[in-house]
Amino acid sequence: MIVAQITDMHVRPRGKIAYGRVDTNAMLGAAVAALEALPRRPDLVIASGDLTDCGLVEEYKVLRALLGPLSMPVYLVPGNHDRRPELFAEFAADGYFDNDDGFLHYTVDTHPLRLIGLDTVVPGHGHGEMCAARLAWLAARLEEQPDRPTLIFMHHPPFRTGLVDMDNINCRNGAAMADLLRRYDSVERVVCGHHHRPITTRWAGTLGSVAPSTAHQVTLDLIPDGSPATFTMEPPGFHLHLWSPEAGLVTHGVQIGAGQMLELCGLKGLQIGVALHLEKKTGI
C-alpha cells in the first residue's frame, strides 16, 4: 500500500495569499493534481498539520474544497496554525476523529499498515507537546495491537533537527515518547510536518521523518546560534510511504511542478528573508 503525506498547506480564505507572497491555495491544488496523476495512486493521504494558516472557519471550508478532487481517503491532524473546534466542526462527519478527551487523535485500522494520528497542539503556542494524557492514550493504542506494523503521524517533530529556531518549537516531552516507542518494534516510522523541509533521523528505535510543505520551505541554515527562521521558495513537495511486508516502509520524496508554482507566486529563484510566523495566527 501507499500512504501519501502532505503537510503545512497553510490554506487561506479565497482571494488571499499567505504572508502577502505565497499562493498556498493554488499550491495545494497543484499537490492534489500531482497525487491524482501518479502512475499508481496512493491508497490514502495523511495531512500532518498546519492545514490552514489562521484556523478560520472559511479556511477549513476552502481546505475541504481543495481536497475534494482526491479519489482516496484523507486523514488530518492539527498543527499550531489550526484551531481544534473549527477543524472538528468541518471534518467530524468524516468519522475518524476521536474527540472524547478533547484531543483530535485516532487510529485507522482498515489497512495492512496501521495508522495512529496524534494531536500535539498546545493552543495559543507554536510548540507542541505529548503530555501525560496523550502519552497514556498512545500507550493504550500501541498495546491494543503490539505486533502490527504501525505508522505514527503528528505535526510537531519530537526530535531535534539542527534547525534551531524551529527546534525551539518542537514537540515537548519527546524523550518520554521515545521511551514508550522503544518498547514496540512494530512502529515503522514517526512522520511529522512543521519544519517545512524533508528531514530523516534515527530516533526511538525507529525512524523519524519530516515531509516538505506543499507550499513554502524553511531555509536550510543549520546555524547553531538560533537565528530567526526564514522561508524560501524551494520546490514544494510531499512524501510517498510505500509499505510491503517484505521491505517494510520505504519513503520517496516527490517535487510538485516547482517552476510553474514559483512563477505563479512571482518568486522564481527568490529567497524570502523574512521571519516566519511561528505562533498560531489569530486573524486575517
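The values are calculated or read from the model by the stated rules, or taken from the named source; none is laboratory data. Predicted, not measured: the structure shown is a model, and the values here were computed from it. Here Cβ is always computed from backbone atoms with ideal geometry, including for glycine, and neighbour counts include all displayed protein chains. SASA here: full protein model, heavy atoms, side chains in, ligands and nucleic acids out. Shrake-Rupley method; radii C 1.70, N 1.55, O 1.52, S 1.80 Å.
Among the residues of the range 113-120, are any open to solvent by 20 Å² or more (accessible area, probe 1.4 Å) and either out of contact with any His (no Cβ under 6 Å at 6 or more places or on another chain) or at pLDDT below 95 (or both)?
no
Go through (1) at negative phi; (2) in contact with a helix residue (DSSP H, G or I) (Cβ under 9 Å, 6 or more places away or on another chain); (3) open to solvent by less than 60 Å² (accessible area, probe 1.4 Å) one by one and return the number of the condition residue 102 breaks.
(1)
What is the number of the single condition among (1) in contact (Cβ under 8 Å) with a residue 40 or more places away in the chain; (2) open to solvent by 10 Å² or more (accessible area, probe 1.4 Å); (3) assigned to a strand (DSSP E or B) that residue 209 does not meet?
(2)
For residue 249, all conditions in the list (1) farther than 22 Å from residue 10 by Cβ; (2) without any contact (Cβ under 8 Å) to a residue 60 or more places away in the chain; (3) not basic (Lys, Arg) hold save one; what is the number of the exception?
(2)
Look at the range 212-246 and say how many of its residues are more than 25 Å from residue 121 (Cβ to Cβ) and either touching a strand residue (DSSP E or B) at 6+ places or on another chain (Cβ under 6 Å) or assigned to a loop (DSSP other than H, G, I, E, B) (or both).
Within the range 212-246, residues that are more than 25 Å from residue 121 (Cβ to Cβ) and either touching a strand residue (DSSP E or B) at 6+ places or on another chain (Cβ under 6 Å) or assigned to a loop (DSSP other than H, G, I, E, B) (or both) number 16.
Condition first: open to solvent by less than 20 Å² (accessible area, probe 1.4 Å) and in a helix (DSSP H, G or I). Can you find one or more residues in the range 32-45 that meet it?
Yes, the range 32-45 contains at least one residue that is open to solvent by less than 20 Å² (accessible area, probe 1.4 Å) and in a helix (DSSP H, G or I).
Of the residues 218, 254, 191, which single one is touching a Leu at 6+ places or on another chain (Cβ under 8 Å), of a type outside the set (D, E, K, R), modelled with pLDDT of 95 or more and open to solvent by 10 Å² or more (accessible area, probe 1.4 Å)?
254
What pairs come up if the first residue lies in the range 14-34 and is touching a residue at least 12 places away in the same chain (Cβ under 8 Å) and of a type in the set (Asp, Glu), the second is part of a helix (DSSP H, G or I) and open to solvent by 20 Å² or more (accessible area, probe 1.4 Å), and their beta carbons are under 8 Å apart, counting only those six or more places apart or on different chains?
Partner pairs satisfying both residue conditions: 23/264.
Would you point out the residue of the range 56-86, among those that are surrounded by fewer than 24 Cβ atoms within 10 Å (Cβ to Cβ), over 25 Å from residue 110 (Cβ atoms) and not hydrophobic (A, V, I, L, M, F, W, C), that is farthest from the chain's Cα centre (by Cα)?
Checking each candidate, the answer is 58.
Looking at this structure, is residue 201 of a type in the set (Ser, Thr, Tyr), under 24 Å from residue 45 (Cβ atoms), in contact (Cβ under 8 Å) with a residue 12 or more places away in the chain and surrounded by fewer than 21 Cβ atoms within 10 Å (Cβ to Cβ)?
It is true that residue 201 is of a type in the set (Ser, Thr, Tyr), under 24 Å from residue 45 (Cβ atoms), in contact (Cβ under 8 Å) with a residue 12 or more places away in the chain and surrounded by fewer than 21 Cβ atoms within 10 Å (Cβ to Cβ).
Do you know which of the residues in the range 127-152 that are outside any helix (DSSP H, G or I), in contact with a Leu (Cβ under 8 Å, 6 or more places away or on another chain) and in contact (Cβ under 8 Å) with a residue 40 or more places away in the chain is nearest to residue 48 (Cα to Cα)?
Ranking the candidates gives 151 first.
When the residues of the range 153-169 are filtered to those that are free of Cβ contacts under 8 Å to residues at least 60 places away in the same chain and over 13 Å from residue 208 (Cα atoms), which remaining residue is least open to solvent (accessible area, probe 1.4 Å)?
167
Given the criteria open to solvent by less than 10 Å² (accessible area, probe 1.4 Å), in contact (Cβ under 8 Å) with a residue 24 or more places away in the chain and on the phi < 0 side of the Ramachandran plot, does residue 239 qualify?
Considered against the rule, which asks whether it is open to solvent by less than 10 Å² (accessible area, probe 1.4 Å), in contact (Cβ under 8 Å) with a residue 24 or more places away in the chain and on the phi < 0 side of the Ramachandran plot, residue 239 comes out as no.
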